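**Q** I have a structure I would like to understand better, so I am pasting it below and will then ask my questions one at a time.
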Amino acid sequence: MHALIQAIIQWYFGILNTAGLPGVVVLMAMESTVFPLPSELVVPPAAFLLGYKAGSVDYLQLILVIVAGTVGSYLGSALMYWLSRWVGRPIIVRYGKYFLIPEKKLKMAEEWVGRYGAGGIFFARLLPVVRHLISIPAGIANMPFKGFSLMTIAGSCLWCTVLTIFGVVMANDMRVVMESTTHVYSDELKHAFHNLTYAIIAMVLVLGVLYIVVVKRRAPAKSEAK
């Protein structure tokens, strides 16, 4: 299993090495549509590969990684916004399940936009599940595109900055995994895998708690309304 994971990581790092910043833009644009491509697997490796060389940090490259991630997120979000605004809710409800957008998730995202408005677009960029869907109800509801754009760019920039910092902090472990060409599961490689695994789990848990605390607070509000 570890050998398989290592091969996937090395393959992915190879793509980033070849594509560079344009690759980050494309992958983050995909992440902001209906494709199940976590941004946590895009930006941190890019931050390491492009901004951490010879043991030193290239801050200009890190800034460019953040910009590339933000631009990609915005392009993908804008595409989903206009597509949803064009096709309308009935079409999305009917065919969304084929694109990993079941009606239940769509309603959740619609309630989020209805409750928090443009400000919710900003915060949604930091939350799992909601982050990938928020552009759809914004388009359906004909939210002003200017406000949608500003909140999307601001939220995406903040999220990409967090992921970039994570990539720099975990740079040594990613270096070990990327540079390992042997099938022998050495102590150093084992340690690197454990560090990366625990760090990703911790990030997911924090985001999960944030999601539960913020999103699930809708339930009391609904009860009071009744």
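**Q** Which of (1) under 21 Å from L37 (Cα atoms); (2) more than 16 Å from the chain's Cα centre (by Cα) is the odd one out, the single condition S149 does not satisfy?
**A** It fails just one condition, (1).
**Q** Being closer than 14 Å to A171 by Cα, polar (S, T, N, Q) and more than 13 Å from the chain's Cα centre (by Cα) is the requirement here; does S84 meet it?
**A** Spelling it out, it is not the case that S84 is closer than 14 Å to A171 by Cα, polar (S, T, N, Q) and more than 13 Å from the chain's Cα centre (by Cα).
**Q** Being at pLDDT below 80, assigned to a helix (DSSP H, G or I) and surrounded by fewer than 20 Cβ atoms within 10 Å (Cβ to Cβ) is the filter here; which residues of segment 70-95 pass it? If you could, list the steps in order and put the result at the bottom.
**A** Pass one, segment 70-95, residues at pLDDT below 80: 88-95.
Checking which are assigned to a helix (DSSP H, G or I) leaves us with 89-95.
Matches in segment 70-95: R89, P90, I91, V93, R94, Y95.
**Q** Could you check segment 53-69 and list, in sequence order, the residues that are buried (at least 20 other Cβ atoms within 10 Å of the Cβ) and either out of contact with any Gly (no Cβ under 7 Å at 6 or more places or on another chain) or hydroxyl-bearing (S, T, Y) (or both)?
**A** Across segment 53-69, the qualifying residues are I66, A68, G69.
**Q** Taking the conditions exactly as written (in contact with a Leu (Cβ under 7 Å, 6 or more places away or on another chain) and under 22 Å from A199 (Cα atoms)), does V65 satisfy them or not? Show your work before the answer.
**A** Values: in contact with a Leu (Cβ under 7 Å, 6 or more places away or on another chain): yes; under 22 Å from A199 (Cα atoms): yes.
It is true that V65 is in contact with a Leu (Cβ under 7 Å, 6 or more places away or on another chain) and under 22 Å from A199 (Cα atoms).
**Q** Residues that are out of contact with any Ser or Thr (no Cβ under 6 Å at 6 or more places or on another chain), in a helix (DSSP H, G or I) and without any contact (Cβ under 8 Å) to a residue 12 or more places away in the chain: does segment 38-58 have at least one?
**A** No, the conditions are met nowhere in segment 38-58.
**Q** Just give me the residues in segment 110-129 being of a type outside the set (F, W, Y) and surrounded by fewer than 18 Cβ atoms within 10 Å (Cβ to Cβ), in sequence order. Before the answer, list the steps.
**A** Going residue by residue through segment 110-129, those that are of a type outside the set (F, W, Y) are 110-111, 113-115, 117-121, 124-129.
The answer is E111, G114, R115, G117, A118, G119, L126, P128, V129.
**Q** Among the aliphatic types (A, V, I, L, M), touching a Ser or Thr at 6+ places or on another chain (Cβ under 6 Å) and within 15 Å of S84 (Cα to Cα), is that true of I140?
**A** Considered against the rule, which asks whether it is among the aliphatic types (A, V, I, L, M), touching a Ser or Thr at 6+ places or on another chain (Cβ under 6 Å) and within 15 Å of S84 (Cα to Cα), I140 comes out as yes.
**Q** Which count do you get for residues in segment 109-144 that are of a type in the set (S, T, Y) and farther than 22 Å from E40 by Cα?
**A** Result for segment 109-144: 1.
**Q** What number of residues within segment 69-105 satisfy the criterion of being β-branched (V, I, T) and under 23 Å from C160 (Cα atoms)?
**A** Keep residues of segment 69-105 that are β-branched (V, I, T), which gives 70-71, 87, 91-93, 101.
Subsequent filtering for residues that are under 23 Å from C160 (Cα atoms) retains 70-71.
Residues meeting the conditions: 2.
**Q** Answer yes or no as to whether E31 is buried (at least 22 other Cβ atoms within 10 Å of the Cβ) and either on the phi > 0 side of the Ramachandran plot or charged (D, E, K, R) (or both).
**A** Working: buried (at least 22 other Cβ atoms within 10 Å of the Cβ): yes; either on the phi > 0 side of the Ramachandran plot or charged (D, E, K, R) (or both): yes.
Criteria met by E31.
The values are calculated or read from the model by the stated rules, or taken from the named source; none is laboratory data. A quick note: this is a predicted structure, and the numbers were derived from the prediction, not measured. Backbone-built Cβ (ideal geometry, glycine too); neighbour counts: all protein chains shown.
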